[in-house]
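For reference, the structure is listed below as C-alpha cells.
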Amino acid sequence: MAEDPEIAIRARGLGKRYRLGSSGFGLTTLRDTIAATASTVLRRSSAAGGDASARRSSDTFWALQDVDVEIRRGEVVGIIGPNGAGKTTLLKILSRITEPTVGSVELVGRVGSLLEVGTGFHPELTGRENILLNGAILGMSRAEIQRKFAAIVGFAEIGRFLDTPVKRYSSGMYVRLAFAVAAHLEPEILLVDEVLAVGDIEFQRRCLGKMDEVARGGRTVLFVSHNMAAVENLCGRGLLIEHGRLVVDGPVSKVIEEYIGRQEDRLRGGLTGETRRTGSGGVIFKSFSLEGTDRRPLPIARSGQDVVLVFTVHNGTGRPQEHVDLGFSLFTSNGQPLTVLYASYTGKLLTVDIGTVEIRCRIERLPLAPGRYRVGGRVVVAGVEADYPTDGLGLLEVEGGDFYGTGHAGFEGPTPFLVDGSWE
C-alpha cells in the first residue's frame with residue numbers, strides 16, 4: 001500500500017475455490033469422520049478407473065477467479081451481479097470471514113461488516129453485551145463505545161429488549177442492531193450485503209441514509225444489492241461480477257446499464273438448462289409468453305389492453321399434482337419490485353396434469369406505462385417451493401395505449417403504474 005496511501009482496498013489475483021458437497025468446517029463427530037473416509041475411498045476408486053484430474057475438477061467450484069481491484073479511501077462502490085455471481089464471497093474475503101484460495105488482499109483501516117443477520121453476535125449475550133463485544137472487536141475503546149451507545153440503541157429501536165439475549169430477537173431486530181453497530185462504531189471501511197432486505201421499508205430508508213452519511217464522512221463503503229435504484233443513488237462507482245469474475249468496473253450508471261442489458265439478453269433467450277433455480281423440482285417452469293385474449297401471441301403489450309400471461313410448466317413427477325400455487329412478480333428494468341400475484345391470492349389452487357401444461361393468467365386493462373419489465377415466477381406445491389428461476393422468466397414489453405379510454409396516454413412522471421379514478 002505504500003506506493004499509494006490513498007488506496008483503502010487492493011485485491012490482486014483473488015480467487016476462492018470450494019469443494020462441492022463440503023461444509024467447509026472441521027469434522028466433529030465419528031459419523032462425519034466415517035462418512036468422509038468412505039467418500040474419499042470412493043473418489044479414489046472412481047479416479048483409478050478414469051481421469052483423476054477430471055474427477056478432482058468436477059468436485060470443485062470457483063466462486064471467485066482472477067479478481068483485481070483497487071478502491072480508494074472515501075469511495076462508495078456498488079457491487080452488482082446475478083445470484084451466485086460471487087458478490088458475497090468477495091465481501092467475506094475482504095472482511096476476513098474466509099481466506100482466499102489464491103491471490104492477496106490488502107486493507108487499510110478498521111473494517112465493519114454486515115453480511116449475514118447477526119454476524120459476529122453471540123446468541124447467549126444480550127443486545128447491550130453484543131454492542132460492547134462488537135465495539136471491542138472493531139478496536140474501539142470502552143469510552144468510544146459508550147459515547148456511541150445511545151445512538152446505536154436509538155437507531156436499532158430495541159430499547160425495551162436491550163438486556164434480552166439476542167437469540168430471542170426476531171430477524172428484523174437482529175439486523176437492526178447489527179447494522180446500527182456496524183455503522184455507528186466508525187469503521188474506516190464499511191461492507192454491507194443484501195441483508196438490509198430483511199428490514200421493513202422505513203428501516204431500509206434509514207439504513208441508506210446512514211450509509212450516505214458514512215460515505216460523506218470520507219469513509220469507504222462497499223454495498224452489495226439487487227436494488228439498482230439504491231445502488232445508483234448511493235454509489236459513484238460500480239463493479240459487475242458474473243460467474244466469479246469482475247467483468248465491468250466503472251461509473252455506476254454505466255455498470256448498471258451493462259448489467260441490465262446482460263440480464264435482458266439472458267431473459268430473451270428464455271429458460272435453458274443453465275438457468276439458476278431453487279426448489280424441490282417436480283413441477284418446473286419451461287417458458288413464459290404473452291398473448292391477447294384471442295390467444296394470438298403478443299410481442300408487445302399496450303397500456304390498458306387485456307392481456308394473458310402464459311406460463312408453461314412441466315410436471316415430471318409421474319402423477320397429477322394438486323394444491324399447486326403459481327405466482328409471478330414484475331420488476332422495473334433496474335430491478336425495483338412492482339407487484340406480486342399468486343393464484344392463491346384470488347382464492348384458487350391449481351391441479352397440474354402429468355407432462356407439459358399451460359397455466360394462464362388474464363390481466364384486464366394492463367396498468368403499466370410504456371417500458372420494459374422483468375417477469376419472475378415461483379411454483380409452490382402443497383406449501384413447498386418446487387421451482388424458482390432466480391434470474392426471472394422473461395421480459396414484458398409495453399408500449400403506449402389508450403388506458404383511460406379518452407385518447408390521453410397519461411404517462412407523465414417516472415411511475416410505471418397507471419391508476420384510474422373518478423373525479424367530482
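The values are calculated or read from the model by the stated rules, or taken from the named source; none is laboratory data. Since we're looking at a predicted model, the values are computed, not measured. Here the Cβ positions follow ideal geometry from the backbone for every residue, glycine too, while neighbour counts run over all protein chains shown. Surface accessibility is based on the protein's heavy atoms, side chains included, excluding ligands, DNA and RNA. Shrake-Rupley method; radii C 1.70, N 1.55, O 1.52, S 1.80 Å.
A few points about this structure:
- Summarised in one figure, the compactness ratio Rg/Rh of the chain, Cα atoms and Kirkwood Rh, is 1.01.
- Sites listed here are GluC sites (Glu not before Pro) in the stretch 117-196 whose DSSP assignment is loop and whose Cβ has at most 11 other Cβ atoms within 10 Å: Glu124.
- Rounded percent of accessible protein surface that carbon and sulfur make up, the chain, 1.4 Å probe: 51
- For the stretch 155-287, alpha-carbon Rg over 2.2 N^0.38 Å: 1.30
- Per-residue [θ]222 nm for the chain (sum of -39500 (n - 2.57) over DSSP H runs n ≥ 4, rounded to 500): -8500 deg cm²/dmol
- Interchain or long-range residues, amide H under 5 Å from His323's placed H: Leu350
- Taking every full run of DSSP H in the chain, the ones that stretch at least 18 Å from end to end by Cα along their long axis and average -1.0 or higher on the Kyte-Doolittle scale are 30-48, 142-156, 171-184, 201-216, 252-268.
- Spacing of the two label points (7 Å from each Cα toward its C-beta) at Arg296 and Glu364, in nm: 2.3
- Calculated FRET value between Ser280 and Ala143, using beta carbons and R₀ = 60 Å, to 0.05: 0.65
- Placing pseudo-labels 7 Å out from each Cα toward the beta carbon at Glu6 and Asp420 gives an inter-label distance of 5.8 nm.
- One decimal place: the segment Ile354-Glu99 gains 87.1 nm when fully extended, by the rule 0.36 nm per residue minus the C-alpha distance.
- Simple spin-label estimate for Gln204 and Glu106 gives 3.8 nm between the two label positions (7 Å along the Cα-to-Cβ direction from each Cα).
- Accessible surface, the chain, averaged per residue in Å² (probe 1.4 Å): 51
- The phi-based Karplus calculation (6.51 cos²θ - 1.76 cosθ + 1.60; θ = phi - 60°) puts the 3J(HN,Hα) values of the stretch 95-108 at 8, 6, 6, 9, 9, x, 6, 9, x, 9, 10, 10, 10, 10 Hz, whole numbers, x for Gly and Pro.
- Built from the Cα atoms of the stretch 225-327, the convex hull projects on average onto 9.9 nm², one quarter of its surface area.
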